[in-house]
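Participant: So that we are looking at the same thing, I have put the structure below in structure tokens.
Every number here is computed from the coordinates shown, using simple stated rules; none is lab data. Only a predicted model underlies this, so the values are computations on that prediction, with no experimental measurement involved. Don't worry about glycine lacking a Cβ; one is built from the backbone with ideal geometry, like all the others, and counts go over all protein chains shown.
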Amino acid sequence: MRRLGAVRTRPQEEEEVRVTSTSAGPGDPAPEVLQEAAAVFGLLASPVRLHILWLLAQGEHNVTSLAERVGHALPAVSQHLGKLRLAGLVDARRAGRHTVYFASDPAVGAMVEQVVGGAGEPSAPPRRLRSATA
């Protein structure tokens, strides 16, 4: 049985890696900030919402063009946009009879572009942190 705070190493490695501290340091973000960030990342776990945010980082779109680009029905895209707006990641403005959507924070758009842009590049396969039976 594994102890909490210890990371399993390969059999040929002698040293055990341990978590050295559980208390927050002077520059660490507040727990509330981490909770909010985790909620945002959870929201972006949806490939459709991530695609929508990526498109909005490229420029403004109305719901019809977003639905065509992501390949989902208008009501579904509207629902995703509502969630992204509630999280403060997307904003909207009226343009005549239409509503156009855009990424509300350029930094979020840049992060999504970096993550999505880097996803197509060859890299080492992700390490599995736990076995499926653990």
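Participant: Amide H of V90: which non-local residues (sequence gap of 5 or more, or other chain) have their own amide H closer than 5 Å, using H built in the peptide plane?
Facilitator: The list, which skips near neighbours in sequence, is R85, S104.
Participant: Taking the mean number of other Cβ atoms within 10 Å as a proxy for protection, how do you rank 30-43, 64-77 from highest to lowest?
Facilitator: The densest-packed peptide leads the list: 64-77, 30-43.
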